[in-house]
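This report refers to the structure that appears directly beneath it.
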Amino acid sequence: MRDDNLQRRETIRQILRKQLVATQGDLRGLLHKKGFRCTQATLSRDLSRLGARRVALVSGGTAYEVDNVRVGAEAQLGEVRDLVLSVGSNGLLVVIHTVVGTAAAVGAAIDRARLDGVLGNIAGDDTLFVAPARSTRADKLAKQFQQVFVKRG
């Protein structure tokens, strides 16, 4: 497989994880802006190989998702990024420390994101305990939250 195929698929993965994409036409347009040209048939094969699927949105309509990350999950969680101070794990639970008085808002955003690896969460004033689903390790879930919440550079 050529490197450009791998690069295109990785770009598709990044796009679908970060924003709502309702149609293959919309996705082709986004890829075009990033310098990738492909036919609908190629795009369809790429989506299949990535395991992408169309899901119904709570607000109506459908969109693509990939990697079991709910559509728009990163965007929803990104809305509360500035409220999160740190993310850690004790091997059983994920512990998220927030700005005082905002743990409930962060917990609600996690609930709305409907992440497959999250069983539920309990929020205090500035601390949130997130229980991973049975098939998810707490340290892996903590890393996922760190990628979304922890400020870079």
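The values are calculated or read from the model by the stated rules, or taken from the named source; none is laboratory data. Keep in mind it's a predicted model, so treat the numbers as computed, not measured. We place every Cβ from the backbone using ideal geometry, glycine too, and count neighbours over all the protein chains shown.
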Q | Within the stretch 67-108, considering residues that are in a strand (DSSP E or B) and buried (at least 18 other Cβ atoms within 10 Å of the Cβ), the one modelled with the lowest pLDDT | A | Val69
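Here is a yes/no grid of residues against (1) under 25 Å from Gln19 (Cα atoms); (2) within 15 Å of the chain's Cα centre (by Cα):
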| position | (1), (2) |
| --- | --- |
| Glu79 | yes, yes |
| Val87 | yes, no |
| Gly91 | no, no |
| Val99 | no, no |
| Ile110 | yes, yes |
| Asp116 | yes, yes |
Q: Out of Leu115, Leu141, report the one residue that is in a loop (DSSP other than H, G, I, E, B), of a type in the set (A, V, I, L, M, F, W, C) and surrounded by 16 or more Cβ atoms within 10 Å (Cβ to Cβ).
A: Leu115
Q: Kindly indicate whether any position in the stretch 122-133 is of a type in the set (D, E, K, R) and within 12 Å of the chain's Cα centre (by Cα).
A: no
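Here is a yes/no grid of residues against (1) in a strand (DSSP E or B); (2) out of contact with any Gly (no Cβ under 7 Å at 6 or more places or on another chain); (3) modelled with pLDDT of 90 or more; (4) not small (Gly, Ala, Ser):
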{"position": "Ile15", "(1), (2), (3), (4)": "no, yes, yes, yes"}
{"position": "Gly25", "(1), (2), (3), (4)": "no, yes, yes, no"}
{"position": "His32", "(1), (2), (3), (4)": "no, yes, yes, yes"}
{"position": "Ala41", "(1), (2), (3), (4)": "no, yes, yes, no"}
{"position": "Leu47", "(1), (2), (3), (4)": "no, yes, yes, yes"}
{"position": "Ser59", "(1), (2), (3), (4)": "no, yes, no, no"}
{"position": "Ala63", "(1), (2), (3), (4)": "yes, yes, no, no"}
**Q.** Residue list for the stretch 13-67, filter: more than 20 Å from the chain's Cα centre (by Cα) and either among the hydroxyl-bearing types (Ser, Thr, Tyr) or assigned by TED's automatic domain parsing to the domain that holds Gln144 (or both)
**A.** Thr39, Thr42, Ser44
